[in-house]
Amino acid sequence: MEIDKIYYCDIKEDRENNSEGYRKIVSIFEGYLQNDDEGRPRVYVPDASVVSRGRIITHDFETSKETLGYSTPQEYWNDERVNALKERLRKGIGILKEIISYTCDC
C-alpha cells in the first residue's frame, strides 16, 4: 500500500512501569480498551491500530481477548481470519491516506 513507515511498539515494559508514553496511549484509546482485573483501562496485545494525530482510524485487538478459547495463534489464524484482518487494515490505511492527502501540501 506504498507505506514508508509503520511504527511498532513493544508495550510490555511501558505498561509494567505505567510510563508517560503508556499513559498517553491509554488516553488516546480511552473508550476503546478493555479493563484489567482492577477495572483500569489496559492495552492488551496484539493490537493493530491506525492512528493519525491522536485520532483512531482503526483499532483491532480481537486476538488479545482472553475469552477466545484457542490454544495457539495458529489454531485461531485460519485463512478467513487472516484475510479479514488484512482487509480491515487496508481500509484503515486507505482512510489514513485520504486524510493525509486532504491535509498535506506535499
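About the Cα centre of the chain, what is the dipole size in debye to 20, counting +1 per Lys and Arg Cβ and -1 per Asp and Glu Cβ, all else neutral?
With only Lys, Arg, Asp and Glu charged at Cβ, the dipole is about 340 debye.
Rounded to whole Hz and in sequence order, give me ³J(HN,Hα) for the range 97-102 from the Karplus expression 6.51 cos²θ - 1.76 cosθ + 1.60, θ = phi - 60°, writing x for Gly and Pro.
After applying 6.51 cos²θ - 1.76 cosθ + 1.60, I find 4, 5, 4, 5, 5, 7 Hz.
For n ≥ 4 DSSP H runs only, could you compute -39500 (n - 2.57) per run for the chain, divide by its residues and tell me the 222 nm figure to the nearest 500? Walk me through the numbers before you get to the answer.
Numbers: 4 runs with 44 residues, N = 106.
Counting only the DSSP helices, I get -12500 deg cm²/dmol.
Give me the distance between the Cα centres of the range 84-102 and the range 1-69, rounded to whole Å.
18 Å
Label ASP4 and VAL45 with points 7 Å out from Cα along Cα→Cβ: what is the distance between them in nm?
2.6 nm
By how many nm would the segment from LYS97 to LYS12 grow when fully extended, if each residue of separation counts as 0.36 nm and the alpha-carbon distance is taken off?
27.7 nm
Given an 8 Å cut-off on Cα distances and at least 6 residues of separation, report the relative contact order of the range 12-103 as a percent.
20 percent
Since every read-out is calculated from the coordinates, none of them should be taken as a lab result. Because the structure is predicted, anything quoted here is derived from the model rather than measured. Every residue, glycine as well, gets a Cβ built from its backbone with ideal geometry; the counts of neighbours run over all protein chains shown.
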